[in-house]
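The values are calculated or read from the model by the stated rules, or taken from the named source; none is laboratory data. These numbers come from a predicted model, not from an experiment. In this analysis, Cβ positions are derived from the backbone assuming ideal geometry, glycine residues included, and neighbour counts consider all displayed protein chains.
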Amino acid sequence: MTNVTDFAADFAPGSVWLVGAGPGHAGLLTLQAHAAMQAADVIVYDALVSEDILALAPADTPREYAGKRGGKPSPKQADITLRLIQLAKQDLRVLRLKGGDPFVFGRGGEEALSLVQAGIPFRICPGITAGIGGLAFAGIPLTHRDTNHAVTMITGHDATGNVTGVDWDAVAKGSPALILYMAIKHLGAIADKLMAAGRSADEPVALVTNASMPDMQVLETTLGRAAEDIRLHDVKPPAIVAIGEIVRLRAGLDWLGAAAGKSLEADPLRLGKTGTQQTG
């Protein structure tokens, strides 16, 4: 029988494991991530790693904060990477704990390449990205055969922190469902570009803040109203933005809402399919 700790049995001194912590809920942490937390000599963690997840590590394991949040004082990426190298060269098992998945808008690739340049062994431990797991908690599927056969995940800004480097015309025409990360600050400009490229102002939009956490909130709006609703409801990051008909499916798939007594619609897309409503 496999012991959970076996999943990190090869976590060697002098190496760095870049580990995805998922969207926030501790139950979405992978077994390998949990095992690595028990084996690590030091944990270097991001701003989006929840306290519930950090609490799963041994109390005496040193923790170093390396969070980057837009609009707030944050360590520079080069300094974070340098610190990982310094710790590994001290012959420590270094756990780089990152929100979501290291390779999905998490700069895991950048950090790993710097480790390669420094001659530091590393491993990537995938996590559940918020654009999948967080939206599942909100009752929004990335794909559904009645709405879309493709989905585009995209960051809400380019490497400069702006939206000018993204080909929004191509994005608008690329797939019916769009999932935006780090987009709250620029969503008004993004919406204008998408509508200018042909997307409807009435297209459904969901803003999911603190996805998968107890204080998760979901604001349903439209592409034309999204920027104003962000202002009216004072929506703050971290947030995932879902755009497309997939958002309408939430009326039937909001399982958390059903658990609290909400009635679910068996035919949220109004396709004339028969079925019954369910209430939690």
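Before moving on, here are some points about what is shown:
- For region 26-48, the count of residues that are farther than 30 Å from Leu135 by Cβ and modelled with pLDDT under 95 is zero.
- Contact annotation: residue pairs with Cβ atoms under 7 Å, 6 or more positions apart or on different chains, pairing a residue in region 86-110 that is in the same structural domain as Ala57 (by TED's automatic domain parsing) with a partner that is among the aromatic types (Phe, Trp, Tyr), are Arg93/Phe11; Leu95/Trp17; Arg96/Trp17; Leu97/Tyr45; Phe105/Tyr181; Gly109/Phe103.
- Candidate set from region 227-238 (those that are within 20 Å of the chain's Cα centre (by Cα) and modelled with pLDDT of 95 or more); member that is farthest from Ala189 (Cα to Cα): Val235
- Ser263 hydroxyl-bearing (Ser, Thr, Tyr) and surrounded by 17 or more Cβ atoms within 10 Å (Cβ to Cβ): no
- Unmet criterion (only one of (1) in contact (Cβ under 8 Å) with a residue 40 or more places away in the chain; (2) surrounded by fewer than 23 Cβ atoms within 10 Å (Cβ to Cβ); (3) of a type in the set (A, V, I, L, M, F, W, C); (4) over 30 Å from Arg270 (Cα atoms)) for Met153: (4)
Listed here are the residues, each with its yes/no results for (1) of a type outside the set (Ser, Thr, Tyr); (2) farther than 24 Å from Thr152 by Cβ; (3) in contact (Cβ under 8 Å) with a residue 12 or more places away in the chain.
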site: Ile184; (1), (2), (3): yes, no, yes
site: Ser200; (1), (2), (3): no, no, yes
site: Arg231; (1), (2), (3): yes, yes, no
site: Arg270; (1), (2), (3): yes, yes, no
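- Test: Ala206 is in contact with a helix residue (DSSP H, G or I) (Cβ under 8 Å, 6 or more places away or on another chain), in the same structural domain as Thr147 (by TED's automatic domain parsing), under 20 Å from Val151 (Cβ atoms) and in a loop (DSSP other than H, G, I, E, B): no
- For region 205-250, the set of residues classified as of a type in the set (S, T, N, Q), out of contact with any Phe, Trp or Tyr (no Cβ under 7 Å at 6 or more places or on another chain) and over 21 Å from Ala172 (Cα atoms) consists of Thr209, Asn210, Gln217, listed by residue number.
- Just so you know, in region 206-241 the residues that are more than 23 Å from Ala260 (Cβ to Cβ) and β-branched (Val, Ile, Thr) include one that is surrounded by the fewest Cβ atoms within 10 Å (Cβ to Cβ), and it is Thr222.
- Restricting region 1-50 to residues that are of a type in the set (Ser, Thr, Tyr) and in a loop (DSSP other than H, G, I, E, B), the residue that is farthest from Gly100 (Cα to Cα) is Thr2.
- Cβ pairs under 7 Å, 6+ apart, first in region 246-258 and surrounded by fewer than 20 Cβ atoms within 10 Å (Cβ to Cβ), second in a helix (DSSP H, G or I) and modelled with pLDDT of 95 or more: Leu256/Phe137
- Per-region count, region 150-201, residues in contact with a Ser or Thr (Cβ under 6 Å, 6 or more places away or on another chain) and either on the phi > 0 side of the Ramachandran plot or hydroxyl-bearing (Ser, Thr, Tyr) (or both): 4
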